[in-house]
Amino acid sequence: DAALLARRCVDSLRASIAGPITLTFEGREREAWVAVSVHQLEQVIVNLVRNAENALKGRTSGRIAVSVSTMGSDAARQVLLAVEDDGPGIKRENLDKLFVPFFTTSPQGTGLGLSICQKIVEAHDGRMEVATEEGRFARFTIILPFAKNQTV
C-alpha cells in the first residue's frame, strides 16, 4: 500500500524536518497498491523529502506535501506518489541534468540521490516526472503500475 508506506515515511520524518517547514501527507490507504520493494520505495520518498527540505533551507517558512493517488482504470491504472515543495523551484538550465549521476547544485550533495531514485523507480516499471516553476515550486511525481488483487 503506497499510501500507508508514504504516510509512515512522513510521520517518521516530520520530527526531524528543520525550522519552520511543514510536512503534510494526503492519500487514502488501501487504494494505491504497488508491487515494489518497500525499502527501496522508502529510500526514494526519504530522498525526495530531504531534497525538498534542502531547497527550503534559509526561508522563514516552507511547505513540503507528499501525496498518493491513482489514475486510470483497469489495466492502465497507475499509482502517483508526489513530493512537492514551495521553494525556489529548479532552474530551467538544470532540468535536463537532474537525473545525471554526480550532477548537483548543492555544495554538500553528491549528485547521486535523484539518479538512484530514478533507477529504483524504473526497476519497478515506473517513471519519474518533474514539474517546476522558478520561484514557486518543484514537484517530483513517481508513477508506478497499480498492483491488482491485493488483500490486507
Next on the checklist: Whether any residue in the stretch 127-140 is assigned to a strand (DSSP E or B), out of contact with any Lys or Arg (no Cβ under 6 Å at 6 or more places or on another chain) and touching a residue at least 60 places away in the same chain (Cβ under 8 Å) is what I want to check.
Outcome noted: yes
Checklist entry - Given the conditions (1) at pLDDT 95 or above; (2) out of contact with any helix residue (DSSP H, G or I) (no Cβ under 6 Å at 6 or more places or on another chain); (3) within 17 Å of residue 147 (Cβ to Cβ), and given that residue 31 satisfies all but one, which numbered condition is not satisfied? => result (1)
Next on the checklist: Give me the residue from the stretch 1-31 that is in a strand (DSSP E or B) and open to solvent by 70 Å² or more (accessible area, probe 1.4 Å) and, out of that set, farthest from residue 87 (Cα to Cα).
Outcome noted: 26
Checklist entry - Going by the structure shown, is residue 104 touching a residue at least 40 places away in the same chain (Cβ under 8 Å), out of contact with any Phe, Trp or Tyr (no Cβ under 9 Å at 6 or more places or on another chain), of a type in the set (Val, Ile, Thr) and open to solvent by 40 Å² or more (accessible area, probe 1.4 Å)? => result no
Next on the checklist: For the stretch 117-152, which positions are open to solvent by 70 Å² or more (accessible area, probe 1.4 Å), out of contact with any strand residue (DSSP E or B) (no Cβ under 6 Å at 6 or more places or on another chain) and at pLDDT 90 or above?
Outcome noted: 119, 122, 123, 133, 134, 136
Next on the checklist: Being in contact (Cβ under 8 Å) with a residue 24 or more places away in the chain, assigned to a loop (DSSP other than H, G, I, E, B) and open to solvent by 70 Å² or more (accessible area, probe 1.4 Å) is the requirement here; does residue 60 meet it?
Outcome noted: yes
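The values are calculated or read from the model by the stated rules, or taken from the named source; none is laboratory data. It should be emphasised that the depicted structure is a prediction, and the values quoted were computed from it without experimental measurement. Neighbour counts are summed over all protein chains in view; Cβ atoms, including those assigned to glycine, are modelled from backbone coordinates with ideal geometry. These area figures cover heavy atoms from the full protein model, side chains too; ligands, DNA and RNA do not enter into them. Shrake-Rupley method; radii C 1.70, N 1.55, O 1.52, S 1.80 Å.
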